[in-house]
Amino acid sequence: MISDIKVAPEGSFVLRHGCAHNPTGIDLTPEQWEVIADIIQKKKHIPFFDVAYQGFPSGSLDKDASSVRLFAAHGTEVLVAQSYSKNLGLYSERIGAINVVCSSSEVAQSITEKEKTSKDWSFILEQIGMFSFTGLNKAQSENMTSKWHIYMTKDGRISLAGLSAAECDYLADAIIDSYHNVS
């Protein structure tokens, strides 16, 4: 594993389980994590932790997050994908979070600015029923249909009743494109 991390192109993502490695169940020692953290920092890699079993190996949520905290202490950006399906007993819910630990407030600001839009979309969460009013104008709605093949009324109303979880990213990309690139 260490040799693979050393020969990976600079700036590569390095995916590791933070604890309770699947499928081996073997966790690295703090000393082994330190060696890996040093190499990742020298190679300017981006550590990406999959943390699906926090709290299971040691019985302590705090202890099982020590690998992630070690990398954050090294001052590198760290991505952490956490699943709560198992440790909260929500198996069919597929609930989780992605966390980005930034090395500085400037990096955090840069990341959040890239993800921001000038529009407040929270109104969609307040709507009920099978339709949602997106707030897109006629030209933006037409772009949704002509470019993205998403069919909706010209006033921005769309049916979300048949939207599957697998289609959410596609719909989000279409709305982002239409909102930002069409007047």
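The values are calculated or read from the model by the stated rules, or taken from the named source; none is laboratory data. Please read all numbers here as calculations on a predicted model, not as lab measurements. Here the Cβ is made from the backbone with ideal geometry for all residues, glycine too, and neighbour counts use every protein chain on show.
Points to keep in mind about this one:
- Residue check for residue 110: in contact with an Asp or Glu (Cβ under 7 Å, 6 or more places away or on another chain), loosely packed, with under 15 Cβ neighbours inside 10 Å and at pLDDT below 90: no
- Breaking point among (1) exposed (fewer than 11 other Cβ atoms within 10 Å of the Cβ); (2) closer than 30 Å to residue 91 by Cβ; (3) touching a helix residue (DSSP H, G or I) at 6+ places or on another chain (Cβ under 7 Å), for residue 23: (3)
- Of all residues in region 26-35, one or more are more than 24 Å from residue 108 (Cβ to Cβ), in contact (Cβ under 8 Å) with a residue 40 or more places away in the chain, in contact with a helix residue (DSSP H, G or I) (Cβ under 9 Å, 6 or more places away or on another chain) and surrounded by fewer than 16 Cβ atoms within 10 Å (Cβ to Cβ).
- If you filter region 57-83 down to residues that are part of a strand (DSSP E or B) and over 11 Å from residue 101 (Cβ atoms), you find that the one that is farthest from the chain's Cα centre (by Cα) is 83.
- Residue 77 in the same structural domain as residue 42 (by TED's automatic domain parsing), among the charged types (D, E, K, R) and in contact with a helix residue (DSSP H, G or I) (Cβ under 7 Å, 6 or more places away or on another chain): yes
- Looking across region 143-179, the residues that are farther than 29 Å from residue 92 by Cα and in contact (Cβ under 8 Å) with a residue 24 or more places away in the chain come down to 143, 144, 147, 148, 157, 176, 177, 178, 179.
- Residue match in region 80-92 (condition: over 23 Å from residue 2 (Cβ atoms) and modelled with pLDDT of 90 or more): yes
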